[in-house]
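J.: Take this structure first; my questions come after.
The values are calculated or read from the model by the stated rules, or taken from the named source; none is laboratory data. Since we're looking at a predicted model, the values are computed, not measured. A quick note on method: Cβ atoms are made from the backbone with ideal geometry, for glycine too, and the neighbour counts reach across all protein chains shown.
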């Protein structure tokens, strides 16, 4: 069986927790990278504006003969300046970084005419790499070149070229920290869910054992408070149910035992009756009462046997039972060619199979007992007959104690407890009893064990 994490509490809690943390980290990473890029871009634009304004203001205060030299001396790998009688920017940008820089420079220079445009270049110009070495080498990544023209006089323009770094790549290194964090969170969620899941699994196993007929069932009261309360409530319920079932079984055992004495006395007195027909009627009634008593005692004991479970070949059990019934004149045959080993209480299984086989003989004058393993890997003991079958409306009630549907099959006597006993034994083994009509006529009773 393939393990599906969605089928377990631990798997679901870990998956949901990790997904929630991953989504949280993804949103945080997105906003952090976006805001970080915007902040870096704004800082670069502000630095460029301040640099251009500072150079322009300084040049305005200098004599005309010194301006060209000072403009050239302010160049480095991020900016260069030169004076010219005409602007280098013919068509100014209306939006983006260039427009923003032009507006800021114009405002700082009291409304001076400023033009700017921008274009993307692959890397820093090679000839600029030697300038401004004291500021550190320029980063090896694409940059935005912004051309700015500032009118200083009527016939003099300051043409500046500044480089803005493109937005830095997202901080992928922080993803490793996020992954480690998700692993830690997932591990913590697994520990927490294990603290809850283990007591719940123990509680489920105890409930299955209780449903199988075990009376002395108790689950450990461990885990969180709510789980401990559930376990304590289950233990209390199990004890009460066990006492109640024990009282009922003891009552049935005592009643069945006590009935044997008066039935024996009635049988002895019936033997003394001179009228043959009256004697036979009395003896038949006594036999029916004895059969009812024995079956009621068997129903009370079904699933509550002290017999230990062991590995048994059910195919051999089927062959042995069919052989015994054949010696009693019951026309049955067996189809059990392969070993069918499973763990069970063999005496109880043999009793349940005997009830099914006797029903087939009683209602259809014979049948077939098959032992095989189905597609799900379960052990199956199936009894087939060619009788009249059972009305579909009666199928759900066939396992009710004392219920009979003989009018639809061969008329026969019986207490109506055989199928109830077989079902109780099947459920005590965590199995099931499946009753159905065959497609081509007849009836099928299958005892299925895990």
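J.: Check off (1) surrounded by fewer than 16 Cβ atoms within 10 Å (Cβ to Cβ); (2) at negative phi; (3) at pLDDT 80 or above for residue 406 and give me the number that stays unchecked.
T.: (3)
J.: Restricting attention to region 98-112, which residues are farther than 26 Å from residue 143 by Cα and surrounded by fewer than 17 Cβ atoms within 10 Å (Cβ to Cβ)?
T.: Within region 98-112, the first condition is being farther than 26 Å from residue 143 by Cα, and the residues that meet it are 109-112.
Of everything in region 98-112, those that are farther than 26 Å from residue 143 by Cα and surrounded by fewer than 17 Cβ atoms within 10 Å (Cβ to Cβ) turn out to be 110, 111, 112.
J.: Right, another one. Under the condition of being part of a helix (DSSP H, G or I) and touching a strand residue (DSSP E or B) at 6+ places or on another chain (Cβ under 7 Å), which residue from region 306-319 is nearest to residue 383 (Cα to Cα)? Spell out the reasoning first.
T.: Step one: list which residues in region 306-319 are part of a helix (DSSP H, G or I), which gives 314-319.
Pick out the ones that are also touching a strand residue (DSSP E or B) at 6+ places or on another chain (Cβ under 7 Å) and you get 314-315, 318-319.
On the way: 314: 13, 315: 13, 318: 10, 319: 13 Å.
Selected residue: 318.
J.: Same structure again: May I ask you to say which residue of 12, 41 is closer than 30 Å to residue 187 by Cα and touching a helix residue (DSSP H, G or I) at 6+ places or on another chain (Cβ under 8 Å)?
T.: 12
J.: Got at least one residue in region 299-307 being surrounded by 15 or more Cβ atoms within 10 Å (Cβ to Cβ) and modelled with pLDDT of 85 or more?
T.: Within region 299-307, none of the residues are surrounded by 15 or more Cβ atoms within 10 Å (Cβ to Cβ) and modelled with pLDDT of 85 or more.
J.: Look through region 339-367, keep the residues that are in contact with a helix residue (DSSP H, G or I) (Cβ under 8 Å, 6 or more places away or on another chain) and assigned to a strand (DSSP E or B), and return whichever of them is nearest to residue 418 (Cα to Cα).
T.: Among them, the one singled out is 367.
Rundown of residues vs (1) modelled with pLDDT of 80 or more; (2) in a helix (DSSP H, G or I); (3) surrounded by 13 or more Cβ atoms within 10 Å (Cβ to Cβ), yes/no style:
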site	(1), (2), (3)
140	no, no, no
147	yes, no, yes
151	yes, no, yes
160	yes, no, yes
174	no, yes, yes
182	no, yes, yes
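J.: Something else about it: Take residue 92 and decide whether it is part of a loop (DSSP other than H, G, I, E, B), in contact with a strand residue (DSSP E or B) (Cβ under 6 Å, 6 or more places away or on another chain) and either buried (at least 17 other Cβ atoms within 10 Å of the Cβ) or at pLDDT 85 or above (or both). Talk me through it step by step, then tell me what you get.
T.: Working: part of a loop (DSSP other than H, G, I, E, B): yes; in contact with a strand residue (DSSP E or B) (Cβ under 6 Å, 6 or more places away or on another chain): yes; either buried (at least 17 other Cβ atoms within 10 Å of the Cβ) or at pLDDT 85 or above (or both): yes.
The answer is yes for residue 92.
J.: Would you call residue 227 part of a helix (DSSP H, G or I) and either surrounded by 13 or more Cβ atoms within 10 Å (Cβ to Cβ) or at pLDDT 80 or above (or both)?
T.: The answer is yes for residue 227.
J.: Let me ask you something else. Which condition from (1) closer than 30 Å to residue 382 by Cβ; (2) modelled with pLDDT of 70 or more; (3) in a helix (DSSP H, G or I) is the one that residue 294 breaks?
T.: The one condition residue 294 does not meet is (2).
J.: Then there is this: Among the numbered criteria (1) on the phi > 0 side of the Ramachandran plot; (2) at pLDDT 85 or above; (3) in contact with a strand residue (DSSP E or B) (Cβ under 9 Å, 6 or more places away or on another chain), which one does residue 87 miss?
T.: (1)
J.: Looking only at region 65-84, count how many residues are touching a strand residue (DSSP E or B) at 6+ places or on another chain (Cβ under 8 Å) and more than 15 Å from residue 145 (Cβ to Cβ).
T.: In the first step, residues of region 65-84 are kept if they are touching a strand residue (DSSP E or B) at 6+ places or on another chain (Cβ under 8 Å); the result is 67-68, 71-72, 74-75, 77-84.
Narrowing further to those that are more than 15 Å from residue 145 (Cβ to Cβ): 67-68, 71-72, 74, 83-84.
Of the residues in region 65-84, 7 are touching a strand residue (DSSP E or B) at 6+ places or on another chain (Cβ under 8 Å) and more than 15 Å from residue 145 (Cβ to Cβ).
J.: Any idea how many residues of region 320-338 are within 16 Å of residue 379 (Cα to Cα) and in contact with a helix residue (DSSP H, G or I) (Cβ under 8 Å, 6 or more places away or on another chain)? Talk me through it step by step, then tell me what you get.
T.: As a first pass, look at region 320-338 and keep what is within 16 Å of residue 379 (Cα to Cα): 334-338.
Imposing the further condition that a residue be in contact with a helix residue (DSSP H, G or I) (Cβ under 8 Å, 6 or more places away or on another chain) reduces the set to 334, 336-338.
Summing the residues that are within 16 Å of residue 379 (Cα to Cα) and in contact with a helix residue (DSSP H, G or I) (Cβ under 8 Å, 6 or more places away or on another chain) in region 320-338 gives 4.
J.: Can you tell which of 75, 58, 51, 80 is surrounded by 13 or more Cβ atoms within 10 Å (Cβ to Cβ), more than 31 Å from the chain's Cα centre (by Cα), at pLDDT 80 or above and not in a helix (DSSP H, G or I)? Steps first, please.
T.: On the way: 75 fails: at pLDDT 80 or above; 58 fails: not in a helix (DSSP H, G or I); 51 fails: not in a helix (DSSP H, G or I).
Result: 80 is the single residue among 75, 58, 51, 80 that is surrounded by 13 or more Cβ atoms within 10 Å (Cβ to Cβ), more than 31 Å from the chain's Cα centre (by Cα), at pLDDT 80 or above and not in a helix (DSSP H, G or I).
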